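K.L.:
Take this structure first; my questions come after.
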Amino acid sequence: MTDTAYNGWANRETWNVNLWLFNDYDRYQWLQAIFPAGCPDPVSAERVCRMFFGDKTPDNCLLDKVNWYEVCDAINED
């Protein structure tokens, strides 16, 4: 069995999405405006990210491999 964890995240794709979401203040404010009461579920996190990024992040990480539960949790950590 191989360890797929990447910098504390489930995998590189999940880590990468979080970098794109939270390392830019304008994106962070955008997330706060979309989820003022927090992210309700992983499906919502995925929908918003796909609306923003399409099928992959600007540096070509595919969103199909992202752990959306972790992204939702990260949005709610505010």
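K.L.:
Between a first residue in region 20-47 that is without any contact (Cβ under 8 Å) to a residue 24 or more places away in the chain and a second residue that is part of a helix (DSSP H, G or I) and loosely packed, with under 12 Cβ neighbours inside 10 Å, which pairs have beta carbons less than 6 Å apart while being 6 or more apart in sequence or on different chains?
P.N.:
Once the first residue is without any contact (Cβ under 8 Å) to a residue 24 or more places away in the chain and sits in region 20-47, no partner that is part of a helix (DSSP H, G or I) and loosely packed, with under 12 Cβ neighbours inside 10 Å comes close enough.
K.L.:
Give the number of residues within region 42-69 that are surrounded by 11 or more Cβ atoms within 10 Å (Cβ to Cβ) and in a loop (DSSP other than H, G, I, E, B).
P.N.:
4
K.L.:
Further, regarding this structure: Pick from region 1-12 the residues that are among the hydrophobic types (A, V, I, L, M, F, W, C) and in a loop (DSSP other than H, G, I, E, B): which of them is nearest to Val71 (Cα to Cα)?
P.N.:
Restricting to residues being among the hydrophobic types (A, V, I, L, M, F, W, C) and in a loop (DSSP other than H, G, I, E, B), the top hit is Ala10.
K.L.:
On to the next question. Among the residues of region 13-41, count how many are exposed (fewer than 15 other Cβ atoms within 10 Å of the Cβ), among the acidic types (Asp, Glu) and part of a helix (DSSP H, G or I).
P.N.:
1
K.L.:
Something else now. Does region 1-57 hold any residues that are charged (D, E, K, R) and under 15 Å from Asn76 (Cα atoms), and which are they?
P.N.:
Arg27, Asp41, Glu46
A short reminder: the numbers here are calculations on the coordinates, not readings from a lab. Since the structure is predicted, the reported quantities are computational estimates derived from the model, not experimental observations. Note that each Cβ is placed from the backbone with ideal geometry, even for glycine, and that neighbours are counted across all protein chains shown.
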